[in-house]
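All remarks here apply to the structure that follows.
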Amino acid sequence: MCSDYLEHDVEFVHSVQRVIVEYIQSVYPGVKKLNYVSDGAPQHFKNNKNIFNLTYHYTDFGLPASWTFCATAHGKSAVDGIGAAFKHRANRHTLCSNSSSVILTPEDLYKFARHNNEINVFYMNRTHIRHNCERYDLHDRWKQYRVEEWIKQIRSQHQFDPIGIKKAECRRTSCSGNIETNEVNN
């Protein structure tokens, strides 16, 4: 995802999820459920607002989803390698280019990615993110409930499966039989 929005916050994550779901539904219409896999960085992934939004995933996007978190800073995955290779190619392009084709903006990076990569890259500007928040009333959704205090010790949980709006099952590992159910009360 290329963007001029430099905050990796819950608003950004929800907007990216919308783009991901729309892409998957257009290319793979038979998909029945998504499972997000990411690291557990609390500032933009592993926090109560994102898990609360996950309970609305089917309502918002028409596709149910779960979220599996890898332990933060525990190794690198293929996604990290793809991102590093992409950044390396963009850097080499800039260093070897004449001044008219230097990558200076997020839009330039997106154009480079579309023409010089074998991966799918999307662009989302800050206006798109603001409109997404308004479309789904995200700020009202979070204000209406005390979601910041919803799941106690969220950092020790690594698997989240919604079982209804405002209700999720949490587990310490993705295959754990010890399930904790958390529900937001009005």
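The values are calculated or read from the model by the stated rules, or taken from the named source; none is laboratory data. Keep in mind the model is a prediction, meaning the values are calculated, not measured. Because the Cβ atoms are built from the backbone with ideal geometry, glycine has one as well, and the counts that use them run over all protein chains shown.
Summed over region 102-146, the residues that are more than 18 Å from the chain's Cα centre (by Cα) and aliphatic (A, V, I, L, M) give a count of 5.
For region 1-39, what are the residues that are assigned to a strand (DSSP E or B) and farther than 25 Å from Ala71 by Cβ? Answer for region 1-39, where residues must be assigned to a strand (DSSP E or B) and farther than 25 Å from Ala71 by Cβ: Cys2, Ser3.
Taking the options Val31, Val27, name whichever one is in contact with a helix residue (DSSP H, G or I) (Cβ under 6 Å, 6 or more places away or on another chain), at pLDDT 95 or above and surrounded by fewer than 16 Cβ atoms within 10 Å (Cβ to Cβ). Unique residue meeting the criteria: Val31.
Is there a residue being touching a Lys or Arg at 6+ places or on another chain (Cβ under 7 Å), exposed (fewer than 13 other Cβ atoms within 10 Å of the Cβ) and not in a loop (DSSP other than H, G, I, E, B) anywhere in region 131-141? Quick ask: steps written out before the conclusion?
Of all residues in region 131-141, those touching a Lys or Arg at 6+ places or on another chain (Cβ under 7 Å) come to 132.
This time we only want the ones that are exposed (fewer than 13 other Cβ atoms within 10 Å of the Cβ), so: none.
No, there is no match, as no residue in region 131-141 is touching a Lys or Arg at 6+ places or on another chain (Cβ under 7 Å), exposed (fewer than 13 other Cβ atoms within 10 Å of the Cβ) and not in a loop (DSSP other than H, G, I, E, B).
Pairs meeting the criteria (first residue in region 139-156 and more than 18 Å from Ala71 (Cα to Cα) and touching a residue at least 12 places away in the same chain (Cβ under 8 Å), second residue of a type in the set (Lys, Arg) and not in a helix (DSSP H, G or I), beta carbons under 9 Å, at least 6 apart or on different chains) are Tyr145/Lys166; Val147/Lys166; Trp150/Lys166.
Considering every residue within region 107-129, establish whether at least one is within 30 Å of Glu183 (Cβ to Cβ) and not in a loop (DSSP other than H, G, I, E, B).
First pass over region 107-129, keeping only residues within 30 Å of Glu183 (Cβ to Cβ): 129.
Now drop any that are not not in a loop (DSSP other than H, G, I, E, B), which leaves 129.
Yes - at least one qualifying residue is present in region 107-129.
Residue pairs whose Cβ atoms lie under 6 Å apart, separated by 6 or more positions or on different chains, with the first residue in region 44-71 and farther than 13 Å from Ile165 by Cβ and touching a residue at least 12 places away in the same chain (Cβ under 8 Å) and the second acidic (Asp, Glu) and in a helix (DSSP H, G or I), are Asn48/Glu148. Figure legend. Inter-residue proximity from region 92-111: first residues closer than 14 Å to Met1 by Cα, second residues part of a helix (DSSP H, G or I), beta-carbon distance below 7 Å, spacing 6+ or different chains. Indicated pairs: Leu109/Ala90.
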